[in-house]
Structure formats: structure tokens, C-alpha cells
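Data block below; observations after.
Just so it is clear, none of the values below were taken in a lab; they were calculated from the coordinates. The shown structure was predicted, so the numbers you read here are calculated from the model rather than taken from an experiment. Neighbour counts are summed over all protein chains in view; Cβ atoms, including those assigned to glycine, are modelled from backbone coordinates with ideal geometry.
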Amino acid sequence: MSFPILIDIAVRDLPGAVAIAAAARSSGAAGVRVHDTAGDGPALDPSVVASYLAGTIGDIGYLVDAPTTGNAPYNAARRILSFDRATAGRAGVVLRPGADDEVSRATTPDPAASDPARRWAEYAIVLTRLWESFPRAALIADQERALVVDRALISAIDHEGAYYRVAGPLDGPSSVQGRPVLAAAEPHELGWDVVAHIADVVVVDRDRAAGANAALTAALAGTGRQRSEIVLLGRARVAAPADPRAVADELAAWVAADGLDGLSLAPVGDTIEIVAAIEALTPLLATPVTGPTLREALGLRTPAGALR
């Protein structure tokens, strides 16, 4: 049994991150998730780390953790899409629930709104709509007519909700993968109904994975989305195993029993131990990566259009 694998990275030093990402790529992982915390303290900025790794390691997917706290959605959408273009469609974001940011606070339609799950849902909609506000088809580059873009295809999103007021559009074309991957890693805190409407990937910790597939499937009813449009990953802490085959078989059995689509492996230990765990387990579990984008590596479809 094989399936897509993500490798968790929490970075306090770049040389260690390079070694871990290199091991993930050579072992067949679909991508790495770069966390914004390491243990009980902060990690290096995930977007900076991912950019460095992309320039050093290259062709593997990158999911960057980003909380709503301190990140204005327009700025986040622009930064993530720029990174996505630089990596030829290998980027995505793990959007984490939190508070507001000082830019949005100045124009918040409802200053009293404070529910993290509702904020997350609105933020996610703004991201996806911004990512599709400037379609690639709008790029003409017609020298004879002196036309760079077809402005008729570019549209402002003119979003106004309880938490955000964002006009748009973005100032650059959409991704070769349709749009960057949007992941949710706190489904029990956000609510399955919330993540079912918008997430491409849902990550659930092992101790909460039982029943997650049923909950996600039930939440999809009435959304117009199919279960095949979302990848459900189980997150498991792993150490370098004495018997890699036995551990891999046990993980594969867990994936099958709980109806998961893949794994997010969080290796523990120092850099050498983490690399050893990746190199021992990932080749035994990972589906061969057959496409150049993160969506293809995860088995996701290209989105049909912006979610309105």
C-alpha cells in the first residue's frame, strides 16, 4: 500500500533543514511542511525557510504554516502565490486559526467579530478568490498590439465579510497548479463543516484520526464537493526504527483502517535521527511522485474555479 507522504520540518538551523528536505525528496515524499514553531519555542520564519530550501533542494512540494494572526490576507495571498510561481507550482499554505492583523484591523467591517473558526473560513475564501483573480489566460504579451494582459479577464474580488474587506485583484497571474494548495491542520478546533467547504488537504493527529473520514464525508454533504477533492492525512510522530518494514506495515494498516489518504510524518530526534527515520520509512510507504506540481504529488485535482 502506498500513498502521498508529507514530512514535517520545524527549523532552528538551516543546515539541518536542508539535510531533512534533501532526505524527503530523495525518499519520494510529496512535500515538506514547514512549521512556525519548534518544540515550545518559535522556529525560523516558515516562508523564509521554504524559499531557502526551494533554492537549495528544488523539486519537492512546500507547505508553509501561516496563522491568521499578524498576516493580512492580501499580503499572504501575494507572498504565497509569488513563492508558488518561483517553484513552478509546488507551493501551498497550512492556514492556522488565530486572531487578526493590524492592516485588516483598520478596516474590519465588524470589529466585534472574534470567532477563530469563522475568521479562518473567511480568510480561506479570500485567499482562494485572490489566487484566481488574475487567470493565466489573461497574459497575452502581444507585441504587435502592444498588449500585455487582457484586462477583461482580471477581476476584483470585492470581498466584504465580518472580518475582512479586500478588493483585489492580485497583481500577478494564477498558479500553474490552478492555485496553491490550502491545508487545514486543526479540523476539530475549526469544525468539519468549515474545512469541508474550502480545504484541499486536512491533517489530523493520530490520536484524533478515528472517525475523521466519516466526519469529513458527512460534512461534505450539500457542499457540492466530493470526498475525492480533499486529501485527508494522518499525522504521526516517528523515530528511526529498528525494523522499518514492521513500522511501515503498521502505519499502512492505520491509514487503511481509518480511511486516510496519506501520512504527514513528524520524525523526532536530532537531524541525523530525523534523516534516518525518513530514509527508512518513506520509500516503503510513498506513492511515486508522477507530476511536477504539489497538487499532482498529493493526488489532488486542479480546481475548476474560484469559490464564490
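Output the peptides 152-160, 127-135 sorted from most to least packed, where packing is the average of other Cβ atoms within 10 Å over each peptide's residues.
Per-residue mean Cβ counts within 10 Å order the peptides as 127-135, 152-160.
For the stretch 185-275, what is the charge dipole size about the Cα centre, in debye to the nearest 20, if Lys and Arg each add +1 at the Cβ and Asp and Glu each add -1 at the Cβ?
200
Take the chain, connect every pair of alpha-carbon atoms lying under 10 Å apart with a spring to form a Gaussian network, then pick out the residue of LEU139, LEU251, LEU263 with the largest mean-square fluctuation.
Looking only at LEU139, LEU251, LEU263, the biggest GNM fluctuation is shown by LEU139.
For the chain, modelled as a Gaussian network with Cα springs under 10 Å, which listed residue fluctuates most, ASP59, ASP40, ASP249?
ASP40
Would you work out if the stretch 29-98 is rounded, prolate or oblate? Take a ≥ b ≥ c from the square roots of the eigenvalues of the alpha-carbon gyration tensor; rounded if a/c is under 1.5, else prolate when a/b is larger than b/c, oblate otherwise.
Judged from the Cα gyration tensor, the stretch 29-98 comes out oblate (a/c at least 1.5, b/c at or above a/b).
Over the chain, what is the relative contact order in whole percent, taking alpha-carbon pairs under 8 Å and six or more residues apart?
23
Can you work out the Karplus-derived ³J(HN,Hα) for every residue in the stretch 192-205? Use 6.51 cos²θ - 1.76 cosθ + 1.60 with θ = phi - 60°, whole Hz, and x for glycine or proline.
Working through the residues one at a time gives 5, 4, 5, 6, 5, 6, 9, 6, 8, 10, 10, 10, 10, 5 Hz.
I need the peptides 206-216, 106-116 ranked by packing, meaning the mean over residues of other C-beta atoms within 10 angstrom, with the highest value on top.
Those peptides, ordered most packed to least, come out 206-216, 106-116.
Given the rule -39500 (n - 2.57) for each run of at least 4 DSSP H residues, summed and divided by the residues of the chain, what is its mean residue ellipticity at 222 nm, to the nearest 500 deg cm²/dmol?
About -11000 deg cm²/dmol.
Which one, GLY58, ALA121, LEU300, projects farthest toward the positive side of the charge dipole computed for the chain from Cβ point charges (K/R +1, D/E -1)?
Value computed over the given set: LEU300.
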